[in-house]
Amino acid sequence: KVPILLDHNKKNIRKETCNALFKFIDGSLERIGCIMFTDTTMEKVIHLLNSDPCWLVRMECLKIVWKMIETGHRYLIMSLVDRGSIEAICSVVVCSDEDMTMMALNALESILKLGIAEISDYATRVFECEGTAKLELLQEHKSENVYRKAKNLITKYFSESAENDGNDIFERFQNLDL
């Protein structure tokens, strides 16, 4: 029934449904699993995060995705990435709400950290959906916190030295005697 409510034509119903989901998961892996793997709920949440015309709905969706990512559970994060969360997060990273921007930046940072640990090229996915261009824009943000976080992400994951670090990791992985 939740996916039906997420498809409702009234934005307030979509927003309140997302808010209820956020409160339901409460950081519990068991509860997260209930909505992550039982039906199309998370696909719809990620779709709404990426494209709902109402920013309030998108913010509630971001809170759900962020809460799941912040658990640090790598298989959960990889599943969210597989479902399109990088593109959806990048779609909201530049907005007028500082809290929403910081939440999106923190979620991206957690995904990018996992990408390095898992030797997955999540940074390329951020680049392909114009996420790096948006991070560069955020370096001119009025908030010092947003500016610093965006600059840190660019330096750590998208600079020339980050590319070399990534190549070193890849080369070391290829040279392992398995």
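The values are calculated or read from the model by the stated rules, or taken from the named source; none is laboratory data. Because the structure is a prediction, the values reported are computed rather than measured. With ideal geometry, Cβ positions are generated from the backbone for all residues, glycine too; neighbour counts draw on all protein chains shown. Ligands, DNA and RNA are excluded from the accessible area calculation, which covers all protein heavy atoms including side chains. Shrake-Rupley method; radii C 1.70, N 1.55, O 1.52, S 1.80 Å.
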Inset, instruction - Calculate how steeply helix 160-174 sits against the longest principal axis of the alpha-carbon atoms of the chain, using the helix alpha-carbon long axis, and give the answer as 0 to 90 degrees to the nearest 10. - result: 80 degrees
Legend entry - Isotropic mean projected area of the C-alpha convex hull, the chain (nm²): 10.9 nm²
Legend entry - Theoretical gain in end-to-end length, residue 137 to residue 23 [0.36 nm per residue, Cα-Cα removed]: 37.8 nm
Inset, instruction - Scan the chain and report its longest stretch carrying no GluC sites (Glu not before Pro) that are both in a DSSP loop and have at most 16 other Cβ atoms within 10 Å. - result: 1-69
Inset, instruction - Kindly state, to the nearest 0.05, the FRET efficiency for residue 40 paired with residue 106, given R0 = 30 Å and r defined as their beta-carbon distance. - result: 0.70
Inset, instruction - From largest accessible area down, sort 158, 24, 37; use a 1.4 Å probe on the protein chains. - result: 37, 24, 158
Inset, instruction - Whenever you get a sec, compute what percent of the accessible area on the range 3-158 sits on carbon and sulfur atoms (1.4 Å probe). - result: 51 percent
Legend entry - If the convex hull is drawn through the Cα atoms of the range 94-148, its volume per residue in Å³: 68 Å³
Inset, instruction - Would you please give the FRET efficiency between residue 79 and residue 144, computed as 1/(1 + (r/R0)^6) with r the Cβ-Cβ distance and R0 = 35 Å, to the nearest 0.05? - result: 0.55
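222 nm [θ] for the chain, helices only, -39500 (n - 2.57) per DSSP H run of 4+, per residue, to 500? Don't jump to the answer; show the numbers that get you there.
On the way: 12 runs with 131 residues, N = 178.
It comes out at -22000 deg cm²/dmol, rounded to the nearest 500.
Computed over the Cα atoms, what is the radius of gyration of the range 43-111 divided by 2.2 N^0.38 Å, N being its residue count?
0.97
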Inset, instruction - Skip the ligands, DNA and RNA, and give the accessible area per residue of the range 1-123 with a 1.4 Å probe, whole Å². - result: 47 Å²
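Provide the FRET efficiency to the nearest 0.05 for the residue 128-residue 151 pair, computing r from the beta carbons and using R0 = 25 Å.
Efficiency computed from Cβ-Cβ geometry: 0.75.
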